[in-house]
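Presented below is the structure to which this report refers.
The values are calculated or read from the model by the stated rules, or taken from the named source; none is laboratory data. Please read these numbers as outputs of a predicted model, since none were measured by experiment. Cβ placement follows ideal geometry from the backbone for every residue including glycine, while neighbour counts extend to all protein chains displayed.
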Amino acid sequence: MSSVTATHSEATPPAHRRRVLVPSILSGLVLGLVAAIVVGVIVHGAVSGSRQADDTMVCAYLAWFIFFLVGVGAMNFPVRWGLGRPDTTHEEELELAGKDEGVWRYFRFCTDHKVVGMQYLVTVLVLFLVGGVASWMIRLEQARTGAKVFTPATYNTIVGMHGLIMIATTIIMLSAVIGNYVVPIMIGANDMAFPRLNALSYWMLFTAVPILLSAIVLGGFPTGWTGYAPLADQAAVGMDAYCMTIVVFALSIAIGGLNMVTTVVTMRAPGMTWGRLPTTVWGITLSTLLGLIVFPSFMAAVVLTLLDRTVGTSFYQASLGGNNWLYEQMFWFMGHPEVYVILLPALGVVCDIVPVFTRKPLFAYKLVVGGEIGIVVLSMAVWMHHLYWSGANLALDLPTMLSTEAISIPTGLIFFALIGTLWRGRIRLEPPMLFALAFVFNFLIGGVTGLYLADVPTDAIFHSNMFTLAHFHFTLVGGTVFGFLAAFYYWFPKMTGRQLDPWLSRLHFWLFEIGFLGVFIPLFLAGIRGEPRWQAFIVPNVATENLISSLFAIVIVASVAVLAYNILTSWIAGRRAEVNPWGARTLEWTLPSPVPLINFPHPVLVTDGPYDFGRGGPRLMGRPTLAGAGIDTATFAAPAPDVGSRGRQVRLATLLLILSDATFVLAMYLGFLYLRVLNTQGQFTAHESRPSILGSVLVAVGSLLAASAFAWGQRGLRSGNSRRVRAGVTTAWVISLVALVGDVLIFGGLNYTLPLHAYGSFMSLFIVYHAIRHLLIAVVVGALVLGRLYSGRLAGRDYVLQATGYWFWWIAITAVIMTVLMATIK
Amino acid sequence: MADSLPLGLTWAAFWLHLLGERLAVRRTGRPRSRTARRRALSFYAGLLAIVIAIATPIETLSKQLLWTHMIQHVLLLAVAPPLIVLGAPWMSLWRPLPLGMRRTVARALALSPRCAPIRSLCRALWRPLVVLVLYTVILLVWHLSALYDLALENTDVHALEHLTFIGFGILLWAQVIPSPPFRPSLAYPGRIAYLIAAMVPNVALSMLLAFSRSSLYPFYAHLAHRPGGVSAFTDQQIAAGIMWSFGDLPFVIAIVVLAIRWLGQLDAEAAQLSAGAPGATGARAEWRLT
């Protein structure tokens, strides 16, 4: 994938740079592996007892994660920044983004959003293949009665791996691939708001993949992708791989999400108003926003599992005051919005593709956007429909039935918009359109069958069986995967500069759609006949349905082979694509294919919406005649960093990260209250005593003092009093150090014995988490800020201090809430 | 007597408003505009919600079933106030009073030094944070077992409960919905944050009711029979569900509407800024909370 393009305005052919091996993926792999082995050996030697294997693996995974990122070069910038080195120059930024570099830029920490998008694309395709192979193994097993091919335990692991891989893949398939490559171009920006964070979120995902795949070697995990406690607590070592995958994945999503939202909010080109934003951008932005809000809940649930497994807490052990319901609530609070995280980008993409191939504007654009916002808000209120059969009183299920039914309203509005768009349009059945139409058809089936699952009486029959499975495959695969394939065929020419073979594409479509329908419709019938999920044994009364389903799976295998062949041949030797093969009107179709390093060398002014077909070609107006306007071309080539807008970006991103952390913290605090309400006091607390209230009050007061000192110092910026600024920031940092020591002392003062009861588990968790946040944010980040401050290079960058100030206040607020909880509830 | 006070006030408000609308037509010589007619309908819908809450079998069943009582509360707290605020009935309610009385009262309230405490009270009450705190306190206080049961036993207290619900509900919703001549002081993002903050105690209270292990209100727990034969415990859980879903629904709808309006406002501002100089990047308007 050469970076040379025919239309790039370079006078001389660019020289290819020497390949940089360190830092790159190679150094990352080496450093990560070595660190994992070394740490693993150390921990294995230091710890003994029943938890030795879990402790070893978790520490090894953590070491792999951290040191891979160090090795790939992700930490270079923060360290440089903290040591007070000068800002990177524009040339250095371009080098980091892979200017004049060949294929190797895909194998290192590269900040160009297009490179990151392609990295995600290849990773998604590989993961999808692995998950697909697992699904074919499932269908192979289920073709005949009895457990013929795999043992039940192995089958369970395959099902769990398939589920987790596919869930992870469907979450990132559109948001990360299209979101990274296409969305910045669609809004007229030259890159994402935080290019380095963008690359970081990709490489974080990359570290999660070996962790996930190592589960196979470690004996798999028996819980399926939902990871329910208490089986998760008791399972063998493979469960740790599952938990760590989730932790890393959630971090990657939070960072990617705040990057995406900040980009779309702050970097739209002039004229790209919210009312002209393509629905692809809406779908991806809302999806990533929802993801960053709810994923920390899953992370919290899994962290509690890890603590139960490695340390000996009892969040989920009923005999010691815990409860598996806690896991279910925290998991499904994430789990339901997650399916909308998966769906919304596909909805957005389809709502963009259909108008292009019917040559009509999107019908009721405002309803589509309103519907998507409504879905985001409502999705956080319906999770208890996954808990209908967990043992709650029926009366508690009623509000969830209502809200789940209600969520079909905004979804339905979007469907009506699509139908309205198709009505009397001049439909061209190109491959993207075929997949988009199939999306509408498949998702309709998926959505309607969901209604049966929303209502308790019918769900009584269909829960936990193949009907449910077929429902969510119709929505996830029939919806999102088809949406992804539509997007893939649509944007492939733009991303690679080549056209996919149209007839192979159509063949792929028909094979996939027929295969897909053939695999899952019989499973609805099998579900009605009562076949449960996660079971290797097929009983005779559902044998026919399963056989038909497995035979159609062969059709899907064929379709994947066709796709693979198509991609490989077209990418290497396909027909060159034109700039705008589909005749679309969004901004990316005005740029050359593939898009060069700098998307928009000239400023962009958007004057029309993306769906105003019949009004001439796409517009890229606002190219001022450089001579006439007396504008220096050099100014455009190296844009001066706009401090005002950078401040907005940093502040917004910080608030979003705090929002994400708020979910994690709320999950902990509400979980504490929830378990207290569910148990009698004796069960919950046993003989565990309260932590030192005086200590925690002092720590809370200290946090407040630190935040106030920081705010006081910040006000020195206004008056230009740099001594005040330094004094304030340094004082805040010192107080935070003292507070950290305070946390450690309080923790030392807890004289609990293992295994901890639920109360002791929560108290320890609160204190440790608070100490970690003190450590990470106030101390480490504070040290970096101090370093930069004292080197004098923070001048004019008020936003750095403002953002850090937000964190200080947030830590202080949580310290106060934590102290109140510790003092009042036992 | 006291229990018919809210109903009486509702009827009075209805007739007063009707009269005020007729007077407006007569005095200006023009028929009412579409906005005014829609506002009137919204106001009457709000009054209808109050009537449904307190003058239908919902009222009688409330004494036997906690979940019916919850429906009544949701109507009075979350359905009627936003509709009334949307209806902006204030001028039409004020208009039918005689001109002399209106002038005297208005002059006294606005200028007289003796009314200064009233003026400072009104100013204090109009702060969004104060209203939020008072609304939350009223909501939580009336759900304490002792007071909840007292309201069921004593009709005066019950009328007071209903009046405070409607009154503070109106004050809360007036902070987010423009109700001429009153204007919210919060900008759109502030209004969205405000509504989310107002939802939190509602959700927390309904979770407490839902997951508690025992019956919280002795008045209902001690009833021998309940219509439908539900147990006190189930009754409480159904009530919690209604409070959670129906109680939050108006807030959710309002948040979605506000979000869309906010984006429209951002677009209008951006269009204004770039209207002067095509190709100018222009500093985008900073969003503020107030």
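For segment A:387-396, the condition holds for no residue, the condition being that it is in contact with a Leu (Cβ under 6 Å, 6 or more places away or on another chain) and within 14 Å of chain B (Cβ to nearest Cβ).
Is it the case, given these coordinates, that residue A:288 is out of contact with any Phe, Trp or Tyr (no Cβ under 7 Å at 6 or more places or on another chain), more than 14 Å from chain B (Cβ to nearest Cβ), assigned to a helix (DSSP H, G or I) and of a type in the set (Ser, Thr, Tyr)? So residue A:288 passes the test. Counted as qualifying within segment B:76-147 are the helices (runs of 4 or more DSSP H) with 2 or more residues that are under 20 Å from the mean Cα position of the chain (by Cα) and not hydroxyl-bearing (Ser, Thr, Tyr), namely B:80-87, B:90-94, B:116-125, B:128-142.
Listed residues B:205, B:186, B:150, B:172; which is over 30 Å from residue A:655 (Cα atoms) and either modelled with pLDDT under 85 or more than 11 Å from every other protein chain (Cβ to nearest Cβ) (or both)? Before the answer, list the steps.
Working: B:205 fails: over 30 Å from residue A:655 (Cα atoms); B:186 fails: over 30 Å from residue A:655 (Cα atoms); B:172 fails: over 30 Å from residue A:655 (Cα atoms).
It is B:150.
Take residue A:741 and decide whether it is at negative phi, part of a helix (DSSP H, G or I) and surrounded by fewer than 16 Cβ atoms within 10 Å (Cβ to Cβ). For residue A:741, the condition - at negative phi, part of a helix (DSSP H, G or I) and surrounded by fewer than 16 Cβ atoms within 10 Å (Cβ to Cβ) - is met.
Name the residue, out of B:262, B:244, that is at pLDDT 80 or above, facing another protein chain (nearest Cβ under 8 Å) and either assigned to a helix (DSSP H, G or I) or crowded, with 17+ Cβ neighbours inside 10 Å (or both). Let's see the steps before the verdict.
Details: B:262 fails: facing another protein chain (nearest Cβ under 8 Å).
Among B:262, B:244, only B:244 is at pLDDT 80 or above, facing another protein chain (nearest Cβ under 8 Å) and either assigned to a helix (DSSP H, G or I) or crowded, with 17+ Cβ neighbours inside 10 Å (or both).
Evaluating residue A:230 against the criteria (1) buried (at least 21 other Cβ atoms within 10 Å of the Cβ); (2) over 21 Å from the mean Cα position of the chain (by Cα) leaves one unmet condition, (1). Of all the residues in segment A:669-687, those that are crowded, with 22+ Cβ neighbours inside 10 Å and either away from every other protein chain (no Cβ under 14 Å) or among the aliphatic types (A, V, I, L, M) (or both) number 1. Looking across segment A:317-341, the residues that are over 18 Å from residue A:383 (Cβ atoms) and touching a helix residue (DSSP H, G or I) at 6+ places or on another chain (Cβ under 8 Å) come down to A:317, A:318, A:320, A:321, A:322.
Among the conditions (1) under 27 Å from the mean Cα position of the chain (by Cα); (2) under 26 Å from residue A:492 (Cα atoms); (3) more than 14 Å from chain B (Cβ to nearest Cβ), residue A:368 misses just one, which is (3).
Please find, among A:364, A:436, A:381, the residue that is of a type in the set (Gly, Ala, Ser) and surrounded by fewer than 22 Cβ atoms within 10 Å (Cβ to Cβ). Explain how you work it out, then say what you get.
On the way: A:436 fails: surrounded by fewer than 22 Cβ atoms within 10 Å (Cβ to Cβ); A:381 fails: surrounded by fewer than 22 Cβ atoms within 10 Å (Cβ to Cβ).
So the residue among A:364, A:436, A:381 that is of a type in the set (Gly, Ala, Ser) and surrounded by fewer than 22 Cβ atoms within 10 Å (Cβ to Cβ) is A:364.
Taking the criterion of being in contact with a helix residue (DSSP H, G or I) (Cβ under 8 Å, 6 or more places away or on another chain) and aromatic (Phe, Trp, Tyr), would at least one residue in segment A:81-89 satisfy it?
Taking segment A:81-89 as the starting set, the residues that turn out to be in contact with a helix residue (DSSP H, G or I) (Cβ under 8 Å, 6 or more places away or on another chain) are A:81-84, A:88.
If we keep only those that are aromatic (Phe, Trp, Tyr) as well, we get A:81.
Checked segment A:81-89: at least one residue is in contact with a helix residue (DSSP H, G or I) (Cβ under 8 Å, 6 or more places away or on another chain) and aromatic (Phe, Trp, Tyr).
Considering the conditions (1) out of contact with any helix residue (DSSP H, G or I) (no Cβ under 9 Å at 6 or more places or on another chain); (2) within 18 Å of residue A:415 (Cβ to Cβ), residue A:460 is excluded by exactly one of them, (2). Among the residues of segment A:748-761, are any under 27 Å from residue A:316 (Cβ atoms), modelled with pLDDT of 85 or more and under 30 Å from the mean Cα position of the chain (by Cα)? There is at least one residue in segment A:748-761 that is under 27 Å from residue A:316 (Cβ atoms), modelled with pLDDT of 85 or more and under 30 Å from the mean Cα position of the chain (by Cα). Tell me the residue from A:399, A:345 that is within 14 Å of another protein chain (Cβ to nearest Cβ) and closer than 25 Å to residue A:295 by Cβ, please. Result of the check over A:399, A:345: A:399.
Could you name every one of the helices (runs of 4 or more DSSP H) located completely within segment A:14-104 that has at least 3 residues being among the aliphatic types (A, V, I, L, M)?
Output list reads A:25-46, A:52-72.
Filtering A:388, A:316 for residues that are under 19 Å from residue A:471 (Cα atoms) and not in a helix (DSSP H, G or I) leaves a single hit, A:388. Quick check: is even one residue across segment A:265-285 within 30 Å of residue A:161 (Cβ to Cβ), of a type in the set (Ser, Thr, Tyr) and more than 12 Å from chain B (Cβ to nearest Cβ)? Scanning segment A:265-285, I find no residue that is within 30 Å of residue A:161 (Cβ to Cβ), of a type in the set (Ser, Thr, Tyr) and more than 12 Å from chain B (Cβ to nearest Cβ), so the answer is no.
Taking the conditions (1) under 34 Å from the mean Cα position of the chain (by Cα); (2) crowded, with 20+ Cβ neighbours inside 10 Å in turn, residue A:538 satisfies each one other than (1).
Can we say residue A:251 is part of a helix (DSSP H, G or I), surrounded by fewer than 24 Cβ atoms within 10 Å (Cβ to Cβ) and either of a type in the set (Gly, Ala, Ser) or away from chain B (no Cβ under 14 Å) (or both)? If you could, list the steps in order and put the result at the bottom.
On the way: part of a helix (DSSP H, G or I): yes; surrounded by fewer than 24 Cβ atoms within 10 Å (Cβ to Cβ): yes; either of a type in the set (Gly, Ala, Ser) or away from chain B (no Cβ under 14 Å) (or both): yes.
For residue A:251, the condition - part of a helix (DSSP H, G or I), surrounded by fewer than 24 Cβ atoms within 10 Å (Cβ to Cβ) and either of a type in the set (Gly, Ala, Ser) or away from chain B (no Cβ under 14 Å) (or both) - is met.
Within segment B:214-240, the set of residues being away from chain A (no Cβ under 13 Å), assigned to a helix (DSSP H, G or I) and under 13 Å from residue B:143 (Cα atoms) comprises B:218, B:219.
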